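Undergrad: Below is a structure I'd like to ask you about.
The values are calculated or read from the model by the stated rules, or taken from the named source; none is laboratory data. Because the structure is predicted, anything quoted here is derived from the model rather than measured. Cβ placement follows ideal geometry from the backbone for every residue including glycine, while neighbour counts extend to all protein chains displayed.
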Ligand SMILES: Cc1cc2nc3c(=O)[nH]c(=O)nc-3n(C[C@H](O)[C@H](O)[C@H](O)COP(=O)(O)OP(=O)(O)OC[C@H]3O[C@@H](n4cnc5c(N)ncnc54)[C@H](O)[C@@H]3O)c2cc1C
């Protein structure tokens, strides 16, 4: 059965969220600092009553199942909600589903022990603390088999040594999830493990924080980190020893599709501004909207957004169906590849139609362009996701005749003539 509609009860929730984000949350983006900085008492006080309203609407932590404090609506409904929340920097925190905490919570929920959940997951779900996912290294990102950060068992503690790069929000995090080599062996995918490292553990050092685009030092939050003889108790291993790759795939599968959901919100925002500008600005030939060059930008953008949204919603639906990100890896890879392209193309057209204003720092487009490029690199570069997708599509293909292949028209014609010979003859005799 095919159905593209949203059931009325959930649509009512979406309508509430849309109005609430517009009137109560989006204004916060212009006056508050970083949503991950839980030490900002003024910000925490401002958002506390908003979080209560979200909970009352049963829209808190929608990425999680009810036993983990979420709502269990599934990925399709989460996508519809994230299309609204992605408009605002603060909205995901007000709704308890902000990245990277959302992905970190998902793996703590899936792989954590009861003690780990009580100590790390619960305060994360309650929005009391922030977390960090520390995987990429200065000398290896896209290919995790090259990671060198090592954890060695010493009595009842693991001792971690190495460097990590672009560990987002480490400066605000209460704990870090660190991927480290624990074993040797031919299959590098089984040699690494995941650790929960409290941020105040001696030996955890932020060398510096990098920002994206033109972000100044105050807003830079992607840490270059050193782990020097960092000792964590043996029970701070997350999941099984050697299971870090499996955990990372779960973590990043969710992260990628959730980024896609929020990207739709950003792209629509750029598109709406494009429409408004086209209808408002005039040249001596009339409105920008009346020029074919503008109409082409608008038509192309709408098609790009709708195609991307359908691909994403179908992928969300597949995740709900299989209940396993890994089973939908190729579809998530496709979303990941399409996301930065659509983001970039639509924002670039909107920026162009706004002229100098579009390029200025008085409009959101420059930041959006950087964000589009972030989506082409973060959680794995586009090239690697194309590789994943193509490998999956090619896996079960049966090789054909290497000379002319199965689409060769003369060969098909000969085969058809042979197949239909008797019937063609009979039909001719009846004439
Ligand atoms: C804003 C932002 C936030 C991030 N947050 C985190 C975080 O919280 N935690 C974390 O651990 N990491 C984080 N990252 C890091 C991110 O996951 C890595 O940047 C990404 O995996 C790529 O690794 P790299 O930067 O080392 O690039 P490299 O691995 O050096 O790759 C560089 C380029 O080489 C090309 N390339 C690489 N491999 C291939 C291939 N197989 N085929 C073809 N071309 C290839 C691609 O063009 C690629 O962009 C973040 C990155 C960004 C931009």
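Undergrad: Enumerate the helices (runs of 4 or more DSSP H) found wholly within segment 1-108, keeping only those where 3 or more residues are more than 16 Å from the ligand (Cβ to nearest atom) and exposed (fewer than 14 other Cβ atoms within 10 Å of the Cβ).
TA: 8-20, 26-31, 41-56
Undergrad: Scan segment 215-222 and tell me whether some residue there is part of a strand (DSSP E or B) and either under 30 Å from residue 63 (Cα atoms) or away from the ligand (no atom under 16 Å from the Cβ) (or both).
TA: The answer is yes, given that some residue of segment 215-222 is part of a strand (DSSP E or B) and either under 30 Å from residue 63 (Cα atoms) or away from the ligand (no atom under 16 Å from the Cβ) (or both).
Undergrad: Here is a follow-up. Give the number of residues within segment 154-176 that are on the phi < 0 side of the Ramachandran plot and assigned to a strand (DSSP E or B).
TA: Counting residues in segment 154-176 that are on the phi < 0 side of the Ramachandran plot and assigned to a strand (DSSP E or B) gives 15.
Undergrad: Right, something else. When segment 244-282 is examined, which residues are found to be modelled with pLDDT of 95 or more and either more than 30 Å from residue 381 (Cα to Cα) or in contact with a strand residue (DSSP E or B) (Cβ under 7 Å, 6 or more places away or on another chain) (or both)?
TA: 244, 275, 276, 277, 278, 279, 280, 281, 282
Undergrad: Just a yes or no: is a residue in segment 360-367 within 16 Å of the ligand (Cβ to nearest atom), surrounded by fewer than 18 Cβ atoms within 10 Å (Cβ to Cβ), part of a helix (DSSP H, G or I) and in the same structural domain as residue 280 (by the TED database)?
TA: Yes, the conditions are met somewhere in segment 360-367.
Undergrad: Restricting attention to segment 46-56, does a residue exist that is in contact with a helix residue (DSSP H, G or I) (Cβ under 7 Å, 6 or more places away or on another chain) and closer than 20 Å to residue 324 by Cα?
TA: Checked against the condition, which is being in contact with a helix residue (DSSP H, G or I) (Cβ under 7 Å, 6 or more places away or on another chain) and closer than 20 Å to residue 324 by Cα, segment 46-56 yields no hits at all.
Undergrad: To continue, here is another question. Would you check if there is a residue in segment 178-200 being in contact with a helix residue (DSSP H, G or I) (Cβ under 9 Å, 6 or more places away or on another chain), within 15 Å of the ligand (Cβ to nearest atom), touching a residue at least 40 places away in the same chain (Cβ under 8 Å) and farther than 20 Å from residue 100 by Cα?
TA: Yes; the residues of segment 178-200 include at least one that is in contact with a helix residue (DSSP H, G or I) (Cβ under 9 Å, 6 or more places away or on another chain), within 15 Å of the ligand (Cβ to nearest atom), touching a residue at least 40 places away in the same chain (Cβ under 8 Å) and farther than 20 Å from residue 100 by Cα.
Undergrad: If I go through segment 383-406 residue by residue, how many of them are surrounded by 14 or more Cβ atoms within 10 Å (Cβ to Cβ) and more than 7 Å from the ligand (Cβ to nearest atom)?
TA: Residues that pass the stated criteria total 5.
Undergrad: Here are some residues: 300, 209. Which one is at pLDDT 95 or above, outside the structural domain of residue 374 (by the TED database), more than 18 Å from residue 375 (Cα to Cα) and touching a helix residue (DSSP H, G or I) at 6+ places or on another chain (Cβ under 8 Å)?
TA: 209
Undergrad: Quick check on this structure: which one of 352, 373 is surrounded by fewer than 19 Cβ atoms within 10 Å (Cβ to Cβ), more than 30 Å from residue 73 (Cβ to Cβ), in contact (Cβ under 8 Å) with a residue 24 or more places away in the chain and within 15 Å of the chain's Cα centre (by Cα)?
TA: Criteria check complete, one pass: 373.
Undergrad: Still on this structure: Which one is nearest to residue 174 (Cα to Cα), of the residues in segment 118-142 that are more than 6 Å from the ligand (Cβ to nearest atom) and part of a loop (DSSP other than H, G, I, E, B)?
TA: Among them, the one singled out is 129.
Undergrad: A further question on this structure: How do the pairs read when you match residues in segment 138-156 that are closer than 18 Å to residue 233 by Cβ and in contact (Cβ under 8 Å) with a residue 40 or more places away in the chain with residues anywhere that are part of a loop (DSSP other than H, G, I, E, B) and more than 8 Å from the ligand (Cβ to nearest atom), using Cβ under 8 Å and keeping only pairs 6 or more apart or on different chains?
TA: These pairs meet every condition: 151/182; 153/182.
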